[in-house]
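Any read-out appearing in this document is the output of simple, stated calculations on the displayed coordinates, not a laboratory observation. Computed from a predicted structure; not experimentally measured. Quick reminder, even Gly has a Cβ in these numbers, built from the backbone with ideal geometry, and neighbours come from all protein chains shown.
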Amino acid sequence: MFTPINSAQAAILAANSLALGGLLFLLSSGFSLIFGLMRIPNLMHGSFFMLGAYLGVSLLGWGTNFWLAAVLSGLAVAAIGGVIERLLLRRLEGQVLPQVLLTLGFAFIIADICLMVWTGDPWQPAAPAELRGAVQAFGMFFPLYRLAILGVAVVIAIALWIMVDWTRLGAMIRAGVDDPPIARVVGIKVSQLFTLIFCLGAALAAFAGVIGAPYLSVYPGLDFEMLPLALIVVILGGSGSLLGTLVGSFLIGFLYNFGQAMFRDLAYVILFLPMLLVLVLRPQGLFGRNVA
Amino acid sequence: MSAGLRYAAIAIGLALLATLPMWVGNSYYINIASQILLFAVFALALNVLVGYAGLVSLGHAGLFAIAGYSGALLLQAGYSHLVADSAAIGIALVAAAVFAALALRSTGIGFLMITLALGQIVWGVAYRWASLTNGDNGVNVSTRPAPFGLSLSNAPSFYFATLIVFLLAIASMAVFVRSPFGASLRGTRDQARRMNALGYNVWLIRFLAIVFSGFWTGVSGLLFIYYNQFISPQVSALTSSAEVLLMVISGGTATLLGPVAGAAIVVIMKNVVSAYIERWNLVLGVIFVVIISFMPEGLVPGSVRLVRWVWGKLQAKPGAPATLPSEERVP
């Protein structure tokens with residue numbers, strides 16, 4: 001059951017963990033903001049990730065530049081998310097449970113449509129040409145693209161942090177997270193924020209799907225593999241907290257990779273252990289605040 | 001409905017159920033009836049939480065699969081049906097207690113998220129721990145039990161066994177709903193703070209409700225493995241939890257017969273849809289969206305409301321304002 005690993009393997013695993021942690025951050029930051037602001041777990045967040053990845057695969061197939069494909073796919077999925085939020089979620093405002101079940105319904109619909117369009121075969125697009133190959137450090141080789149994923153995630157994390165903590169928009173979002181009724185009273189258009197954050201979250205998830213595709217590949221069922229990971233990250237880190245999401249993402253990234261390598265059979269259980277611990281000891285999450 | 005009419009309806013319903021194999025004949029349809037009944041037990045169990053406790057679980061397929069896998073693996077290891085089934089129910093009860101202890105750290109949406117994550121753990125174990133669960137290949141159950149020497153190998157006999165379990169389940173629900181415990185559970189759903197102030201232990205009431213629900217979920221899981229004589233990780237997937245939740249909400253929550261109607265609707269639809277197209281997930285998703293957007297109270301009461309509304313419009317004098325008697329919220 002236990003498989004020992006040597007230091008060379010550990011280094012590669014660490015690089016993979018950082019890449020996965022970066023992807024998870026892109027996925028979960030949107031999930032966390034949506035959860036913090038709208039008070040609903042968006043159960044189609046994994047579907048946004050998968051749909052984005054599939055769209056990226058098609059765009060790349062038509063010869064689009066890799067990064068352009070990632071951005072275009074993000075915009076397309078943001079539009080889809082925006083339409084669902086405006087037309088359907090909006091009708092159910094204040095009714096939390098129906099909203100959640102609605103997102104679950106759409107998760108199934110998106111999964112089946114993807115299966116229809118892109119078939120059941122896995123797709124693995126190539127990484128952009130300039131990022132193929134490996135870098136040498138400490139006498140070991142690291143795949144360059146994995147580190148590039150980490151770099152992109154860090155840049156976006158900083159951008160999100162500046163947006164949330166230093167801009168007027170961010171102040172409005174924080175007000176909405178803390179106390180929506182009072183935010184409305186002081187003149188913040190909370191419902192517009194909902195749409196904005198929903199689109200942003202969808203775009204980040206889809207973008208992550210595309211840049212993750214050369215590493216994870218895209219296949220049916222990817223949506224419901226990513227969704228629980230986002231869920232754990234947010235339960236771990238605390239909803240609406242970017243720092244919590246960051247810490248949670250990398251924790252899960254490491255547990256996932258090292259768990260797979262060292263405890264093959266129980267990798268999935270190990271992944272959930274910290275979540276259970278946090279639930280028992282600190283239900284609001286590591287960095288969450290007790291918001292009523 | 002007067003009491004007399006009510007008893008007459010129940011008697012007719014029981015008579016129809018008890019004679020079903022005689023007038024249906026074809027074993028394919030008898031098997032579908034068995035499926036409906038076993039999923040009705042599952043849906044009734046989930047309704048205890050969704051309907052009466054106001055706790056929405058998205059991990060119930062996990063409990064269902066825990067009972068199923070325990071039974072199947074113990075049978076495979078050579079234990080008798082009695083031992084395997086009792087142990088499986090015991091394991092399901094323990095699992096339900098663990099689920100409850102963790103998920104009750106939170107209520108509402110937090111409860112839903114935690115149960116979802118727990119359900120995924122069960123799926124992960126069933127799928128990845130191949131040395132125990134045989135992974136994606138699943139576990140076979142070679143024989144059905146023969147209680148009191150009666151073989152359950154053909155369709156009608158299995159139907160009758162399922163019917164008896166189903167009747168026990170629904171009777172226990174009826175008793176449960178009318179009992180003081182059922183009343184206090186509904187109290188915790190509607191006014192948790194007041195119940196707390198009145199001296200009720202809200203946490204304990206919810207905990208016991210989850211264990212009670214876990215019991216019948218386990219029973220339905222065992223019925224499932226005996227029906228299919230096979231179990232695979234698919235049983236514990238999120239789709240399965242969503243399906244049974246759809247049974248509960250489509251039939252109408254917090255009613256005795258709603259989940260039964262919902263189980264019939266979903267099982268029949270799944271069989272019909274699967275016969276023509278391989279798009280069950282799409283259909284499942286669309287039904288979810290339609291029900292939640294347009295008939296939040298469930299298909300049966302929703303249709304009744306629509307019919308009444310149309311009827312009222314037809315009867316209303318021209319020019320008189322027709323009102324929609326719905327639960328639409330006043331802002």
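Here each label is just a point 7 Å from Cα along the line to Cβ, and for B:ALA87 and B:ALA3 those points are 4.9 nm apart. The calculated FRET efficiency for B:ASN196 paired with B:VAL272, based on their beta-carbon distance and R0 = 51 Å, is about 0.60. Within the stretch A:2-44, the proportion of C-alpha pairs whose separation exceeds 15 Å stands at 58%. Working note: Cα gyration tensor of the stretch B:197-251, eigenvalues times five, square-rooted, sorted largest first, giving semi-axes of 29, 14, 10 Å. Inter-chain Cβ neighbour count for A:221-230, averaged per residue, equals 2 (cutoff 10 Å, partner chain atoms only). In the stretch A:11-165, one over the average inverse separation of all distinct C-alpha pairs is 17.5 Å, which is the Kirkwood hydrodynamic radius.
Between the amide H of B:PHE230 and those of B:VAL141, distances stay under 5 Å, these residues lying 5 or more places away or on another chain, with hydrogens modeled in the peptide plane. Find the Rg to Rh ratio for the protein assembly as shown, where Rh is the Kirkwood radius over alpha-carbon pairs and Rg uses the same atoms. Radius of gyration over Kirkwood radius for the protein assembly as shown works out to 0.98.
Just the number: Rg to Rh for chain A, Cα atoms, Kirkwood Rh, two decimals. Result for chain A is an Rg/Rh of 0.97. Hydrodynamic estimate: the Kirkwood radius of the stretch B:117-169 over Cα pairs, inserted into Stokes-Einstein at 4 °C and 1.567 mPa s, corresponds to D of 94 µm²/s. Globularity index of chain B is 1.04 (Cα radius of gyration / 2.2 N^0.38 Å, N = number of residues). Averaged over the residues of B:113-120, the number of partner chain Cβ atoms lying within 10 Å of the residue Cβ comes to 6. Comparing B:GLN229, B:GLN76, B:PHE160 along the charge dipole axis of the stretch B:28-280, the residue lying farthest to the positive side is B:PHE160, per the Cβ-charge model. Packing-based ranking of A:27-39, A:93-105, A:153-165 yields A:27-39, A:93-105, A:153-165, ordered from highest to lowest mean Cβ neighbour count within 10 Å. Under the convention that each Lys and Arg Cβ holds +1 and each Asp and Glu Cβ holds -1, the size of the dipole of the protein assembly as shown around its Cα centre is about 1400 debye.
Packing, as the average of other Cβ atoms within 10 Å across residues, places the peptides B:260-266, B:283-289 in the order B:260-266, B:283-289, highest first.
Compared with the rule-of-thumb size 2.2 N^0.38 Å for a compact globular protein, the stretch B:67-215 has a Cα radius of gyration ratio of 1.27. Across the options A:VAL185, B:ALA209, A:ALA8, the greatest Cα extent toward the positive end of the charge dipole of the protein assembly as shown (unit charges at beta carbon of Lys, Arg, Asp, Glu) belongs to A:VAL185.
This model, with +1 at the C-beta of Lys and Arg and -1 at the C-beta of Asp and Glu, gives chain B a dipole about its Cα centre of some 800 debye.
If you take the Cα centroid of the stretch A:1-31 and the Cα centroid of the stretch B:79-94, the two points sit 39 Å apart.
Only Lys, Arg, Asp and Glu carry charge here, each on its Cβ (+1 for the first two, -1 for the last two); on that basis the stretch A:20-138 has a dipole of about 260 debye about its Cα centre.
Against the 2.2 N^0.38 Å scaling, with N counting residues, where does the stretch B:251-297 land? I'd like the Cα-based Rg ratio to two decimal places. Taking the Cα Rg and dividing by 2.2 N^0.38 Å, one obtains 1.22. Think of the stretch B:196-320 as a dipole: +1 on every Lys or Arg Cβ, -1 on every Asp or Glu Cβ, centred on the Cα centre; then among B:LEU299, B:ILE277, B:VAL219, B:LEU299 lies furthest on the positive end.
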